[in-house]
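Only one structure is covered here, and it is reproduced in the block below.
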Amino acid sequence: MLKIFLVCIWIFLITSSVLVSQPLDFFREKIEIEVGGNYCKLIGKYFFSNSSKQPLIQTFYYPFIVNDSLPYPDKISVVNNRDNSLIKFKKQKKGIILQAKISSNDTLIYTVEYSQKTPYSMFEYILTTTQEWHKPIVEAEYVVKIPKKFKLDFNSLGYDNKSIQKRFTVYNLQKKYFMPDKNFKIKWGTK
C-alpha cells in the first residue's frame, strides 16, 4: 500500500495497491480557526484532483493534536462540498478515518469541521506532514478569528493582514507552494 502524507490537515492518504502512479493530488486548503472562550472551532476546506482516467476510492486518515492541553475534538463533521452530503467516518485514538470516491479527471472538495476544548488558551494545527509527502501545497490560506475581548499573543506562521469585524479581529495569511517545517500554533489572552 502506498502511503502519501497529506499536508496541513494532517491527512494521510493511502492509495490502493493496484495503483502504480499517484493520480490524486492534494493541491489546496483553506483553514479557518475561530477562537471561543475555552474552545476553538476549525473549518478546513481541502481540495483534491484526480488526474487519472479512472475513478478512485481513497482512504484518508485525518489526525488531530490530542494531548493534555488539547483533548479529543467534539462535534466533528465531514462534508462533500459537491452535494453537501455528510461523509461517514470512524473515530481513532488521535484522528478519524474516512473514504472518498473521486471521479476520473475531477476535483473533490471536502470540508472538515470540529470543535476542540482549549483549556490553556492555545491551539495547534499539524502542518509538518508535508515534509513526509515531499511536495509543497500549491495554495494555502489560513484565517484566525479572535473575539475582540481577547488578543493574539502568538501566531507561529505570522499573518499578511489584520482586519476588524463586528465581533472579531481577523488575521489572514496566504501561502503559495508551501512546504512548512513547523505546525501552526496560536495562543491568546485577555486584553
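The values are calculated or read from the model by the stated rules, or taken from the named source; none is laboratory data. If you're wondering where the values come from, they're calculated on a predicted model, not measured in any experiment. Every residue, glycine among them, receives a Cβ derived from its backbone with ideal geometry; neighbour counts consider all protein chains shown. Calculation scope for accessible area: heavy atoms of the full protein, side chains included, ligands and nucleic acids excluded. Shrake-Rupley method; radii C 1.70, N 1.55, O 1.52, S 1.80 Å.
Of everything listed in (1) of a type outside the set (A, V, I, L, M); (2) in a loop (DSSP other than H, G, I, E, B); (3) within 26 Å of Asn183 (Cβ to Cβ), the single unmet condition for Ser104 is (3). Contact map, segment 63-79: residues that are over 15 Å from Ile43 (Cα atoms) paired with residues that are aromatic (Phe, Trp, Tyr), Cβ distance under 6 Å, separation 6+ or inter-chain. Pairs shown: Val66/Tyr72; Ser69/Tyr120.
Of the listed requirements (1) touching a Ser or Thr at 6+ places or on another chain (Cβ under 8 Å); (2) more than 21 Å from Tyr159 (Cβ to Cβ); (3) open to solvent by 10 Å² or more (accessible area, probe 1.4 Å), Lys41 misses just one: (2). Residues satisfying the criterion are absent from segment 46-54 (criterion: assigned to a loop (DSSP other than H, G, I, E, B), open to solvent by 60 Å² or more (accessible area, probe 1.4 Å), over 12 Å from Thr111 (Cα atoms) and at pLDDT 95 or above). Do you know which residues across segment 166-191 are in contact with a strand residue (DSSP E or B) (Cβ under 7 Å, 6 or more places away or on another chain), touching a residue at least 40 places away in the same chain (Cβ under 8 Å) and either within 23 Å of Ile65 (Cα to Cα) or in a loop (DSSP other than H, G, I, E, B) (or both)? Scanning segment 166-191 gives Phe178, Asn183, Phe184, Lys185, Ile186, Lys187, Trp188, Gly189, Lys191. Among the residues of segment 86-97, those that are within 17 Å of Asp74 (Cβ to Cβ), part of a strand (DSSP E or B) and within 16 Å of the chain's Cα centre (by Cα) comprise Phe89, Gly95, Ile96.
Can you spot a residue in segment 118-135 that is open to solvent by 40 Å² or more (accessible area, probe 1.4 Å), touching a Ser or Thr at 6+ places or on another chain (Cβ under 9 Å) and within 26 Å of Ile57 (Cβ to Cβ)? Checking segment 118-135: not a single residue is open to solvent by 40 Å² or more (accessible area, probe 1.4 Å), touching a Ser or Thr at 6+ places or on another chain (Cβ under 9 Å) and within 26 Å of Ile57 (Cβ to Cβ).
Name, by its number, the condition in (1) crowded, with 16+ Cβ neighbours inside 10 Å; (2) modelled with pLDDT of 95 or more that does not hold for Pro147. The single condition Pro147 does not satisfy is (1). Ile76: part of a strand (DSSP E or B) and either within 30 Å of Gly189 (Cβ to Cβ) or under 16 Å from the mean Cα position of the chain (by Cα) (or both), yes or no? The answer is yes for Ile76. The residue list Asn183, Asn155 contains one member that is more than 17 Å from Lys45 (Cα to Cα), within 14 Å of the chain's Cα centre (by Cα) and surrounded by fewer than 18 Cβ atoms within 10 Å (Cβ to Cβ), which is Asn183.
Selection of first residues in segment 141-159 that are within 14 Å of Gln174 (Cα to Cα) and of second residues that are open to solvent by less than 20 Å² (accessible area, probe 1.4 Å) and among the acidic types (Asp, Glu), restricted to Cβ pairs under 8 Å at least 6 apart or on distinct chains, gives the following pairs, ordered by first then second residue: Glu141/Glu29.
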